[in-house]
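Asks: The structure under discussion is supplied below as structure tokens; questions concerning it will follow.
Read-outs: derived from the displayed coordinates by stated rules, not from any lab. Bear in mind the structure is a predicted one, so any value in this text is a computation, not a measurement. Cβ placement follows ideal geometry from the backbone for every residue including glycine, while neighbour counts extend to all protein chains displayed.
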Amino acid sequence: MTVVTKSITFKTKGSCDIIDITSQVAGEVRQSGVSNGTVTLFISGSTAGLTTIEYESRLLEDFEKMWDRVVPQNIPYEHNKTWEDGNGHSHVRASMLGASLTVPFVSKRLTLGTWQQIVFIDFDNRPRSRELVLQIMGE
């Protein structure tokens with residue numbers, strides 16, 4: 001078994017910025033030297049999350065509106081009282097979505113469905129520089 005660790009860095013706008021990272025992840029898998037296995041993605045940070053979705057503008061709008069309904073920005077958060085940074089909702093949203101995602105690959109190709117893309121969601125209330133750690137494992 002081979003284990004390869006890589007990272008992808010990028011800038012975000014914050015405020016539920018949804019970024020399609022499928023091509024970057026696929027590129028790292030292709031270049032890893034591993035043919036079959038899994039790639040685990042992990043966010044270094046507590047105000048962003050990862051998932052898969054069809055990266056289509058109206059669905060992305062639905063996804064963002066869902067977060068506004070489930071974890072609204074404009075209600076009191078104890079975190080905001082402690083740090084006065086106004087991003088309590090960001091931490092709650094990120095913890096609900098999760099900081100990691102694992103995708104299998106075969107013959108150096110991600111096994112995603114036709115309309116399935118890997119997305120990074122930045123829930124913070126300001127632009128950020130982000131790092132995504134990839135651990136590629138297999139043979």
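Asks: What do you get for the angle between helix 57-70 and the principal long axis of the chain? Use alpha-carbon atoms, 0 to 90 degrees, nearest ten.
Replies: Roughly 50 degrees between the two axes.
Asks: Under 16 Å Cα-Cα from Lys6, which lysines qualify once same-chain neighbours fewer than 8 residues away are excluded?
Replies: Within reach: Lys108.
Asks: Then there's this: Spelling out what I want: for every residue of segment 94-101, take phi, set θ = phi - 60°, compute 6.51 cos²θ - 1.76 cosθ + 1.60 (Karplus), and round to whole Hz; glycine and proline get x.
Replies: Using θ = phi - 60°, the values come out as 4, 5, 6, 7, x, 9, 9, 8 Hz.
Asks: Enumerate the calculated ³J(HN,Hα) couplings along segment 36-49 in order (Karplus 6.51 cos²θ - 1.76 cosθ + 1.60, θ = phi - 60°), each rounded to whole Hz, writing x wherever the residue is Gly or Pro.
Replies: Working through the residues one at a time gives 9, x, 9, 10, 9, 10, 9, 8, 8, x, 10, 10, 9, x Hz.
Asks: Can you list the lysines whose alpha carbon is less than 26 Å from that of Lys11, not counting same-chain residues fewer than 8 positions off?
Replies: Lys65
Asks: About its Cα centre, how strong a charge dipole does the chain have in debye, to the nearest 20, once Lys and Arg get +1 and Asp and Glu get -1 at the Cβ?
Replies: 280
Asks: Taking Cα atoms, how many degrees apart are the long axis of helix 22-31 and the longest axis of the chain, rounded to 10 and kept between 0 and 90?
Replies: With both axes taken from Cα atoms, the answer is about 30 degrees.
Asks: Further, regarding this structure: Give me, ordered by chain and number, the residues 5 or more places off Tyr55 or on other chains with an amide H under 5 Å from its own placed amide H.
Replies: Under 5 Å from the amide H of Tyr55 lie the amide H atoms of Gln117, each far enough along the sequence or on another chain.
Asks: How long are the semi-axes of the ellipsoid equivalent to the chain, from square roots of 5 times the Cα gyration tensor eigenvalues, in whole Å, largest first?
Replies: One finds semi-axes of 30, 16, 11 Å for the chain.
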